[in-house]
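What follows draws every value from the coordinates through simple rules; no lab data is involved. This one's a predicted model, so the numbers in the text were calculated from it and none came from an experiment. So basically every Cβ, Gly included, is an ideal-geometry build from the backbone, and we count neighbours across all protein chains shown.
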Amino acid sequence: MKKILLLLALPLLAQAQKIDKIITRAETERIETYLASDELAGRKPFTPGIEKAANFIAGEFEKAGLQKTKDSFLQSFPLFKSQLQSISAIIDEKAIEGKQVAIISKEASIQLDEKSGYEVVSIKEGENFGQNAYKIMAAKKPTIAFLHESFAKFIPRLSGRGPMKESQATILFVISNTVPSTFKITAAQQVEKLQLSNVVGILPGKSRLNEYVIFSGHYDHLGIGKPVQGDSIYNGANDDAAGTTAVLMLAKYYAKKRDNERTLIFAAFTAEESGGFGSSYFSKQFNPDQVMAMFNLEMIGTESKWGKNSAYITGYEKSSMGEILKKNLAGSEFTFYPDPYLDQNLFYRSDNATLAELGVPAHTISTSKMDSEPNYHKASDEVGTLDLDNMTEIIKAIAKSATSIISGKDTPSRVDTTKLK
C-alpha cells in the first residue's frame with residue numbers, strides 16, 4: 001500500500017520541484033520591487049512612470065517567449081483627458097458648487113437643462129455606487145445622474161475622466177438627494193485625445209487554439225498625491241504591482257512548461273483606478289464564448305483573513321470555477337475561499353467585471369482584507385509591507401489550481417448573466 005501511495009505522489013512531487021525552480025521568491029521580489037519603485041512614481045496613466053512600467057512588462061513577456069498581438073505587446077487605445085475650465089450649475093433654481101458636478105465628455109462646451117433630452121437617472125442612498133456608476137458610464141445616450149450626498153467623495157475621482165471612444169455619450173454626475181424638477185448646467189473644458197496601453201502576451205494552445213484562458217492584473221496606480229510624512233508617491237505595491245507580478249511569473253512558468261492545450265493570454269491592464277478603461281477595451285477584442293476562464297489577480301501581497309496559504313475568489317457562487325480550483329489543490333496546504341466581503345461588491349469592482357457580465361467565468365483572486373487593509377490607496381503601500389514569501393506561494397497555488405482548465409480537462413460553468421445584480 002505504501003508503494004502505491006508513493007507512486008501516486010511522485011507526479012505531484014515532480015510538479016512541485018519544477019514549479020519551485022521557476023516561481024521563486026527572488027524573482028517575485030525582483031519584479032515587485034521594480035514595479036513599486038519610486039522610479040515609476042506611482043504608475044499613473046499619462047505619466048512617464050506608467051510608460052516605463054509598460055515597457056518593463058513588455059520586456060518580461062519578450063524574455064519569456066510570448067507572442068505579440070499584431071506587432072507589439074502594447075495594446076493601445078484612445079482616451080480623452082479633460083480639464084474643467086468653468087462651470088455653472090443650477091438645480092431647482094438653486095446654484096450649487098462646481099465641485100458637486102463631474103463631467104465625462106469629449107465636448108469642449110456643454111450646455112443642458114431638463115429639456116435637452118438627456119437620460120435622467122439617480123443613485124440613491126444605500127445603493128451600490130460602483131456597480132451603478134459603471135452602468136451609467138457605459139450608457140449609449142447622454143445621461144445625467146443625480147447622486148445622494150453620501151456619494152460626494154466619488155466626484156473628484158470621476159472628474160476629468162474622459163470617454164474612451166469617439167462615440168461615447170456625455171455623462172454628468174451631480175450631487176442631489178432627489179431628482180430635481182429643473183436643472184441647468186453650462187461648462188467649458190479643455191480636452192486632449194491621448195493614448196493608453198494594456199500590455200498583452202500570448203502563449204498559443206497546442207490543440208485548442210481558439211479557446212482562451214486569461215491571466216490578468218492592472219499595472220496602473222494613483223501616482224503622486226498629498227505628502228504623508230514627506231512621502232508623496234503612492235507606489236501601489238499591493239494594488240496592484242502584486243497582481244501584475246503574479247501575471248509575469250505565471251507567464252514565465254507556463255512558457256517554460258509549454259504544455260497548455262488552450263491558448264493562454266497574459267494581460268496587464270491600464271486605467272483600472274480611473275474606471276476600468278483598460279480591461280473594458282481588452283474585453284471587446286474577444287468573442288466571449290471563446291474565453292473559457294479569466295483569473296484576475298488583485299492585491300495578493302498580504303495575508304488574507306485566514307492567514308498564510310489562502311486567498312478568496314470573488315463571485316465564487318456564480319460559476320463552478322472556484323470548485324475546480326479547490327479540487328486541483330486537494331491535498332495541498334493552500335485553500336481558496338469564497339469572497340467574505342460581499343457588502344463591498346468586489347465582483348463588480350475589478351477588471352474581471354466586463355467579461356463576467358458577458359457570461360465568462362471571470363473571477364478576481366485576492367487576499368486583501370477589505371475591512372481592515374491599512375495601506376490601501378495610501379502612500380504607505382510599499383514593498384516593505386508585503387509578505388513576499390506568502391505571495392510567492394499564492395502564485396504557485398494559482399498555477400497549480402489552473403492546471404485542468406488550461407489542459408482542457410475542465411471547463412468552468414458560465415456566469416448566468418440574468419442573475420447579475
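Reported to the nearest whole Å, the Cα centre-to-centre distance from the range 55-76 to the range 154-229 is 23. Normalised by the number of residues in the chain, the mean separation of alpha-carbon contacts (under 8 Å, six or more apart) gives a relative contact order of 19 percent. By the count of neighbouring beta-carbon atoms within 10 Å, fewest first, M370, M321 end up ordered M370, M321.
Hydropathy first: keep DSSP H helices in the chain averaging at least 0.0 on Kyte-Doolittle, then drop any whose Cα extent along the axis falls short of 27 Å, and list what survives. Flagged H segments are 2-22. Over the chain, dividing the summed -39,500 (n - 2.57) contributions of all DSSP H runs of at least 4 residues by the number of residues returns a 222 nm mean residue ellipticity of -8000 deg cm²/dmol.
Between G217, G65, G275, find the one with the highest GNM mean-square fluctuation for the chain; connect C-alpha pairs within less than 10 Å. Between G217, G65, G275, it is G65 that shows the largest mean-square fluctuation.
Pairs over the 27 Å Cα-Cα cut-off, from the set K52/K305; K326/K419; K256/K369; K94/K378: K52/K305; K256/K369; K94/K378. Taking Cα centre as origin and charging only the Cβ of basic (Lys, Arg, +1) and acidic (Asp, Glu, -1) residues, the dipole magnitude of the chain rounds to 1260 debye. Give me the percent of DSSP beta bridges within the range 147-278 that run antiparallel, rounded to the nearest 5. In the range 147-278, approximately 45 percent of DSSP beta bridges are antiparallel ones. Judged by the ratio a/c of the largest to the smallest principal axis of the C-alpha gyration tensor, the range 183-251 counts as oblate, that ratio being 1.5 or greater while a/b is no larger than b/c.
GNM on the chain, alpha-carbon springs under 10 angstrom: the most fluctuating residue among T263, T392, T182 is T182. The ranking of T367, T418, T178 by Cβ neighbour count inside 10 Å, starting from the fewest, reads T418, T178, T367.
When +1 charges are put on Lys and Arg Cβ atoms and -1 charges on Asp and Glu Cβ atoms, the dipole computed for the range 177-287 relative to its Cα centre reaches about 440 debye. The aspartates and glutamates within cross-link reach of K81, meaning a Cα-to-Cα straight distance under 20 Å and a gap of 8 or more places when in the same chain, are E51, E107, E166, E192, D220, E272, E273. Looking at the range 81-193 alone, DSSP beta bridges between its own residues are antiparallel in about 70 percent of cases.
Across the range 81-193, the relative contact order, built from alpha-carbon pairs under 8 Å that are at least six residues apart, equals 49 percent.
In terms of the Cα gyration tensor, with a ≥ b ≥ c the square roots of its eigenvalues, is the range 226-338 rounded because a/c is under 1.5, prolate because a/b exceeds b/c, or oblate? Judged from the Cα gyration tensor, the range 226-338 comes out oblate (a/c at least 1.5, b/c at or above a/b). Rounded, prolate or oblate, given the Cα gyration tensor of the range 81-193, with a/c below 1.5 counting as rounded? Here the range 81-193 falls in the rounded category. For the chain, the share of DSSP beta bridges that are antiparallel, to the nearest 5, is 60%. Sorting V291, V213 by the number of Cβ atoms found within 10 Å of their own Cβ, with the fewest placed first, yields V291, V213.
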